[in-house]
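Structure first, then comments.
The values are calculated or read from the model by the stated rules, or taken from the named source; none is laboratory data. None of the values given here were measured: they were computed from a predicted structure. Don't worry about glycine lacking a Cβ; one is built from the backbone with ideal geometry, like all the others, and counts go over all protein chains shown. In case anyone asks, the SASA skips ligands and DNA or RNA and just uses the protein heavy atoms, side chains included. Shrake-Rupley method; radii C 1.70, N 1.55, O 1.52, S 1.80 Å.
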Amino acid sequence: MTSSGHLYLLAADAILVVHVLFVAFVIAGLLAVCIGGLRDWAWVRDLRFRVAHLLAIGFVVAETWLGVPCPLTVWEMALRARAGHATYAGDFVQHWLQALLYYTAPGWAFAVAYSLFGALVLASWFLVPPRRVRGTR
């Protein structure tokens with residue numbers, strides 16, 4: 001492999017790490033809100049955190065229902081192809097669920113799962129309402 005091939009592969013791996021962190025933020029964020037709501041953690045009610053979390057899952061749900069592939073997946077696969085490495089079909093979560101859990105489901109099942117998760121995040125706004133953080137002067 002050429003040095004540029006190594007750079008493309010390194011960039012693809014970096015995007016993969018960002019993708020994993022994004023998924024972890026979405027999943028762990030909801031868990032934190034649920035646990036933090038019960039334990040009265042102030043930071044899980046921070047409006048900025050909650051808006052970022054809602055927008056993150058909202059983006060995933062919207063792109064799934066619109067049939068738009070995840071930009072991170074597209075970018076990662078393009079870099080892997082440019083490096084001369086194998087790519088995978090489907091979306092990021094579907095691929096890694098299949099690889100890690102040997103689970104196969106049609107695309108609509110993932111759309112429903114993402115939508116249900118998004119509904120849980122939205123419900124958390126009512127169960128653990130966010131608050132504006134007051135600035136210090």
### Query
So what's the angle, to the nearest 10 degrees on a 0 to 90 scale, between helix 92-101 and the longest Cα principal axis of the chain?
80 degrees
### Query
Residue separation times 0.36 nm, minus the C-alpha to C-alpha distance between ALA113 and TRP41: what's the value?
23.2 nm
### Message
From the helices alone, meaning DSSP H stretches of at least four residues, give me the mean residue ellipticity at 222 nm for the chain, per-run term -39500 (n - 2.57), in deg cm²/dmol to the nearest 500.
### Response
-25000 deg cm²/dmol
### Query
Which entry in (1) 25, 18, 16; (2) 33, 19, 12; (3) 22, 18, 16 is this structure's computed semi-axes √(5λ) of the Cα gyration tensor in Å?
(2)
### Probe 1.4 Å, accessible area per residue of the chain, Å²
66 Å²
### Accessible surface of the chain, 1.4 Å probe, proportion on carbon and sulfur as whole %
71 percent
### Summary
Here FRET efficiency (C-beta to C-beta, SER3 to THR87, R₀ 30 Å, nearest 0.05) is 0.90
#### Entry: Cα-based helix-to-principal-axis angle, 3-39 vs the chain, degrees rounded to 10
20 degrees
#### Entry: With DNA, RNA and ligands ignored, accessible area of TRP43 (1.4 Å probe; Å², nearest 10)
130 Å²
